[in-house]
Amino acid sequence: MLAVCAFSGVSAFAAVSASPTTVSWAYVPVGNTGGQKVVTLTNSNTTAISISSIGLTGANPADFRISSKTCGTSLNPSSSCTVNVAFAPTTTGTRTATLNFNDNAVPSPQTVALSGLGTVGASVSPTSLAFGTINLGSSSAAKSTTLKNVSAAAFSISKVAITGTNFADYTITGNTCGASLAVNATCSVSVVFKPSAAGARSATLTFTDTASNSPQSVPLSGSGSSGGMTGTLAVYPSSASVAVGTQQVFQAQLSKSAGSPLPDTNSLSYTIDGVSGGNSTTGTVTNLGLYTAPAVPGWHELIIRDNSLGTTANSWITVYSNVTVDFGSRAANANPVAPGLFGAQYLESLRTTADLDLVLAGGITSDRTYAQITNVFPTSLSAPNWNPIDSTIRKVTANNTNGVKILMEMYQSPTWLQHGTCGVQSMPTDVNAWASIAQQFVHHMDTTFPGVVTDYEIWNEPNLALCVPAGDNVMTDYMKLYAAAAPLMKQQAVTDHQTIRVGGPASAGLLPDWITAMVNDPVISKNIDFMSYHLYLMGVPGETAKWDTFSNGTQSVYQATQDILGPANFYEYAGTLLSSGKQPQGKNLPVYITEYNFDWLFAKNCCSNDLTYGPLWNALYVADLLDTPFAYASAPNSIGRLIYYAASNPPYYCLVGTYDANMDCSYPSGSVPQPYPQYFAYQLFGSPKYLGLQNGAYMAASMSPVRSSNGLVVTAFFTPGLDAVVLINPSQYTYTNMPVNITNSGLTAPQGTLYRIVNGQSIQSSAVSLTSKGGTSYSTTVTIGPYSVQAISLHP
């Protein structure tokens, strides 16, 4: 009896325990799972126990789970088994439950208390920002919101941005959020509201990070009021070429010292040549700014008065009846256009020879590529490995029947020339060693690929991507680098009996102080063969900009391209800067634009790859630059290089790619790319199949109508084989049977061909009849449709 009682009584299984008896988790984001915790069940008896079940009970059992276990239906004496428990909160706050081991030990069950804190990863406070009503043209006071890390670990912050319907009306003016945020730490962002139109204006401030509830969003709201608009009055366009009998819209705009101009909603009145509303001789204008040109050519002044402010602004109107181009009998002293004008970044990104040939057939004959300095000189000056850069050049110049030339970016510093934490963008710790690297590059290219690498650019966007020691001036350090490298590079080419050009600064934007300093430096001014800069038209506003409509507080793409801050005006300004320099070429030092596109955002916009606006904008960009010397006496003679960004760099940058709903330049491996719409602008201008500008040309002696801020754009040039007249209509209007007079063509009894870019997918050609006007002058008529690009070629 005693033996039996000992076997079945309480004391027989009393030594069974679970350890630990409490388990907790801190800061587990909702939707995530915390780390597994191990609970051990130990049988310290000399007899086995039976386990009927292991489960979870309590307040929040659904927030915990048994992820694995080694415990079965029994546990041998003097043995242990384990259960792994995880915490996966379904909501925020403290969550509790109990882990139960149900067995035949006494007492039973053995229990473990479970608890965890569910968090949201990151929180924002306040959760919305309301700015009230602000007058158009005015800015609100800044309002701030705070981001807090309420998770268990630091998280990374990749982006703080404003998005939404009217995002351009809101600006981030303060941001203490860095690349990461520690546990319990906070950072703040300040936003200012400047409405671009009357009525409700909404957007969202968004934090993108690695917190579990990313992105965190803060709604922004405000209202614009048209009462009391102030600012400097201007007229858009500031000048316009208008065909007889056609129309043009003029808009009054008010601008502050910073920011885009806004449409003027105050009371306005219009006069033309002093006549209110105009008349049949001057042309007429409505109270909404719609001008109708008279039937007779002439010059007219339109004046808009802001009746609330009492200020006026004017625009000059050229009314024309025909297009006239004088080729000056093909005189050799006309402005030359250098061969190889058109190029693209990343030709090496094209996967196959067929893809490369397709781009080259578009009139692209220059490649801009990185020198890969860090790979070529990984350890020292004395042990270069040329394979990385050589393979790139061989790929680009495979079957080089198109005569591809390369502009090489001498950019980045190898590890052994870096300082601090700057990495590859480090200002070299020894400029002479870096200059020796550049010199060795020239010699290697001269001897391995003679005549292929013709241009060298020292660094890339140094104003953004040259990391200098604390206390140093970036521009000054860049000039030291250039002054050390350029003379050695040029002398090496002379020694190698090769011709190269060395230039810079390849800056992001045209930087007046940099250019002025470089061309007045006694060493650099004698060793600079071209000046280069990058010019992207629009930034963030470009995401919602429209072609010819003021939208979301953003001027139209057409206005931005043709007006004060467009490519032609920057190019003209470059000539003004160069005129004061000591370089032998004066203002005619070649100017290279070595990166350009609609914007730099890698984001969808109205126009970059659009079937209508893609070829239109790119053709307009080229024509404006070709015409600048005719519009501004201070401009250099001819643009030297135009390097399009990029041959292929998805998303949204390419000349070729696969078509999809977003036209995002997708270029998957194995695909057969198609020419994107902008491709045809370069093919029309550059390809020998069409106008042949890739092999060089001379500009015509004169063209009319002359370049203005709005209206038909005409450019013209001649090659050994043809005379070309390009007609670009960026407007909504149609010019029916427009007379085109081609004088002093220098060609006897030529044939005429009309080329049209059709739907951004092809170039259509047709014969055009020419009527002799005596000598080598001819006339014809063409209909110029809206948003179109076409050209007339005269050839034997």
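Annotations for the structure displayed:
- Of all the residues in the stretch 68-100, those that are hydrophobic (A, V, I, L, M, F, W, C) and under 17 Å from Ser52 (Cα atoms) number 5.
- Among residues of the stretch 734-766, those that are assigned to a loop (DSSP other than H, G, I, E, B), in contact with a Pro (Cβ under 9 Å, 6 or more places away or on another chain) and surrounded by 19 or more Cβ atoms within 10 Å (Cβ to Cβ), counted: 2
- Every condition in (1) over 28 Å from Gly343 (Cα atoms); (2) in contact with a Phe, Trp or Tyr (Cβ under 7 Å, 6 or more places away or on another chain) holds for Thr429 except the one numbered (2).
- A residue that is modelled with pLDDT of 95 or more, in contact with a strand residue (DSSP E or B) (Cβ under 7 Å, 6 or more places away or on another chain), of a type in the set (D, E, K, R) and within 18 Å of Asp627 (Cα to Cα) occurs nowhere in the stretch 766-776.
- Considering each residue of the stretch 738-749 in turn, none proves to be under 22 Å from Val622 (Cα atoms) and in contact with a His (Cβ under 7 Å, 6 or more places away or on another chain).
- Residue list for the stretch 532-575, restricted to those being assigned to a helix (DSSP H, G or I) and either in contact with a His (Cβ under 8 Å, 6 or more places away or on another chain) or of a type in the set (Val, Ile, Thr) (or both): Val540, Val557, Thr561
- Any hit, the stretch 460-478, residues being in contact with a Pro (Cβ under 8 Å, 6 or more places away or on another chain), of a type in the set (S, T, N, Q), open to solvent by less than 20 Å² (accessible area, probe 1.4 Å) and under 20 Å from Tyr536 (Cβ atoms): no
- Total residues in the stretch 55-110, condition farther than 26 Å from Gly121 by Cα and aromatic (Phe, Trp, Tyr): 1
- Scanning the stretch 240-260 for residues that are surrounded by fewer than 23 Cβ atoms within 10 Å (Cβ to Cβ) and either β-branched (Val, Ile, Thr) or modelled with pLDDT under 90 (or both) yields Val244, Thr246, Val249, Leu254, Ser255, Lys256, Ser257, Ala258, Gly259, Ser260.
- The set of residues from the stretch 759-796 being touching a residue at least 24 places away in the same chain (Cβ under 8 Å), on the phi > 0 side of the Ramachandran plot and not polar (S, T, N, Q) comprises Gly760, Gly775, Tyr787.
- Scanning the stretch 648-665 for residues that are open to solvent by 20 Å² or more (accessible area, probe 1.4 Å) and under 11 Å from Asn609 (Cβ atoms) returns Pro650, Pro651, Tyr652, Tyr659, Asp660, Asn662, Met663, Asp664.
- Qualifying residue in the stretch 442-459 (condition: open to solvent by less than 50 Å² (accessible area, probe 1.4 Å), farther than 23 Å from Pro590 by Cα, modelled with pLDDT under 95 and outside any loop (DSSP other than H, G, I, E, B)): no
- Residue check, Pro414 crowded, with 20+ Cβ neighbours inside 10 Å and modelled with pLDDT of 95 or more: yes
- Failed criterion for Thr42 (all others in (1) assigned to a loop (DSSP other than H, G, I, E, B); (2) of a type outside the set (A, V, I, L, M); (3) modelled with pLDDT of 85 or more; (4) open to solvent by less than 50 Å² (accessible area, probe 1.4 Å) hold): (1)
- Test for Asp390: is it closer than 25 Å to Gly504 by Cβ, open to solvent by less than 30 Å² (accessible area, probe 1.4 Å) and in a helix (DSSP H, G or I): yes
- Pairs with Cβ under 7 Å, 6+ apart, first in the stretch 740-758 and on the phi > 0 side of the Ramachandran plot, second of a type in the set (Ser, Thr, Tyr) and not in a loop (DSSP other than H, G, I, E, B): Asn744/Ser329; Gly746/Ser329
- For the stretch 501-526, filtering for residues that are in contact with an Asp or Glu (Cβ under 9 Å, 6 or more places away or on another chain) and buried (at least 20 other Cβ atoms within 10 Å of the Cβ) leaves 6.
- Members of the stretch 293-329 found to be among the aromatic types (Phe, Trp, Tyr) and at positive phi, listed by number: none
- Residue check, Ala506 among the small types (Gly, Ala, Ser) and closer than 30 Å to Thr554 by Cβ: yes
- Residues that are open to solvent by less than 60 Å² (accessible area, probe 1.4 Å) and over 15 Å from Cys81 (Cα atoms), drawn from the stretch 17-39: Val23, Trp25, Val28, Pro29, Val30, Gly34, Gly35
- Restricted to strands (runs of 3 or more DSSP E) entirely inside the stretch 176-239, those with at least 1 residues that are more than 30 Å from Ile303 (Cα to Cα) and open to solvent by 50 Å² or more (accessible area, probe 1.4 Å) are 186-193, 199-209, 216-225.
- Qualifying residue in the stretch 425-438 (condition: more than 25 Å from Ser366 (Cβ to Cβ), small (Gly, Ala, Ser), touching a Cys at 6+ places or on another chain (Cβ under 9 Å) and open to solvent by less than 60 Å² (accessible area, probe 1.4 Å)): yes
- Filter pass, Tyr698 being open to solvent by less than 40 Å² (accessible area, probe 1.4 Å) and either under 25 Å from the mean Cα position of the chain (by Cα) or not aliphatic (A, V, I, L, M) (or both): no
- Wholly enclosed strands (runs of 3 or more DSSP E) of the stretch 660-725 bearing at least 3 residues in contact with a helix residue (DSSP H, G or I) (Cβ under 6 Å, 6 or more places away or on another chain) and within 28 Å of Gln751 (Cα to Cα): 713-719
- Test: Gln678 is within 23 Å of Ile643 (Cα to Cα), under 29 Å from the mean Cα position of the chain (by Cα), surrounded by 22 or more Cβ atoms within 10 Å (Cβ to Cβ) and at pLDDT below 95: no
- Screening the stretch 630-647 for residues that are open to solvent by less than 10 Å² (accessible area, probe 1.4 Å), among the hydrophobic types (A, V, I, L, M, F, W, C) and part of a loop (DSSP other than H, G, I, E, B) and picking the one that is farthest from Tyr682 (Cα to Cα) gives Ala635.
- Residues satisfying the stated conditions in the stretch 584-608, i.e. touching a residue at least 60 places away in the same chain (Cβ under 8 Å) and open to solvent by 10 Å² or more (accessible area, probe 1.4 Å): Pro590, Glu595, Trp600, Leu601, Ala603, Lys604, Asn605, Cys606, Ser608
- Number of the exception - Leu611 against (1) over 16 Å from Ser634 (Cβ atoms); (2) modelled with pLDDT under 95; (3) among the hydrophobic types (A, V, I, L, M, F, W, C): (2)
The values are calculated or read from the model by the stated rules, or taken from the named source; none is laboratory data. Remember, it's a predicted structure, so these values are computed and weren't measured experimentally. We place every Cβ from the backbone using ideal geometry, glycine too, and count neighbours over all the protein chains shown. All accessible areas refer to the heavy atoms of the entire protein, side chains included, with ligands and DNA or RNA removed. Shrake-Rupley method; radii C 1.70, N 1.55, O 1.52, S 1.80 Å.
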